[in-house]
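Working notes, beginning with the structure itself.
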Amino acid sequence: MSVFVLDTNTLSFYMRKKERVVRKVTDTVLDGHEVLIGPIAYYEVKRGLLAIKADRRLGEFYALCKVFGIGHLDNSVLDYASDIYCELRDKKQTVEDADIFTASFCIRHGFVLATNNVRHFENISGLRYCDWA
């Protein structure tokens with residue numbers, strides 16, 4: 001069984017009922033795999049909904065979090081994120097901190113990242129990812 005972590009864009013597509021993403025999430029669960037909301041995706045979606053005072057959508061988001069669960073950052077993820085940052089810096093490649101934290105979370109736990117922003121992650125060694133959108 002694999003665990004697939006929803007990146008912010010994939011989670012947003014799912015919440016907006018984008019057919020391809022909904023089908024892929026459903027098929028993944030039916031195939032016996034787990035789907036998890038990444039901790040950074042949780043933060044980014046929640047802050048966005050709070051900022052626009054989207055109370056109904058926020059309630060739907062909380063219900064979705066109960067279904068899939070939310071990943072947690074721990075010191076090992078944060079330490080590994082520092083390593084990723086330094087590796088990319090040495091290669092003169094820049095990646096946003098949120099993407100580094102997301103990648104580190106997935107790598108440290110052996111999870112697969114479901115993202116539509118493949119370009120943001122393609123230079124991070126050891127990360128397994130897929131594009132469901």
Problem set entry | Matching option when the condition is surrounded by fewer than 12 Cβ atoms within 10 Å (Cβ to Cβ), at pLDDT 95 or above and either out of contact with any Gly (no Cβ under 6 Å at 6 or more places or on another chain) or more than 12 Å from Leu6 (Cβ to Cβ) (or both), among Lys17, Lys91 | Lys17
Exercise. Going by the structure shown, is Ala41 surrounded by fewer than 15 Cβ atoms within 10 Å (Cβ to Cβ) and either among the small types (Gly, Ala, Ser) or touching a residue at least 60 places away in the same chain (Cβ under 8 Å) (or both)?
Worked result: no
For this session: Having 3 or more residues that are aromatic (Phe, Trp, Tyr) and touching a His at 6+ places or on another chain (Cβ under 7 Å) is the bar; report the strands (runs of 3 or more DSSP E) wholly within segment 19-133 that clear it.
Result: none
Exercise. Would a scan of segment 113-122 turn up a residue that is within 11 Å of the chain's Cα centre (by Cα), surrounded by 17 or more Cβ atoms within 10 Å (Cβ to Cβ), at pLDDT 95 or above and of a type in the set (A, V, I, L, M, F, W, C)?
Worked result: yes
Problem set entry | Residue identified as in contact with a helix residue (DSSP H, G or I) (Cβ under 8 Å, 6 or more places away or on another chain), over 22 Å from Cys106 (Cα atoms), surrounded by 16 or more Cβ atoms within 10 Å (Cβ to Cβ) and of a type outside the set (Phe, Trp, Tyr) among Leu73, Leu49, Leu36 | Leu49
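The values are calculated or read from the model by the stated rules, or taken from the named source; none is laboratory data. Please read all numbers here as calculations on a predicted model, not as lab measurements. Here Cβ is always computed from backbone atoms with ideal geometry, including for glycine, and neighbour counts include all displayed protein chains.
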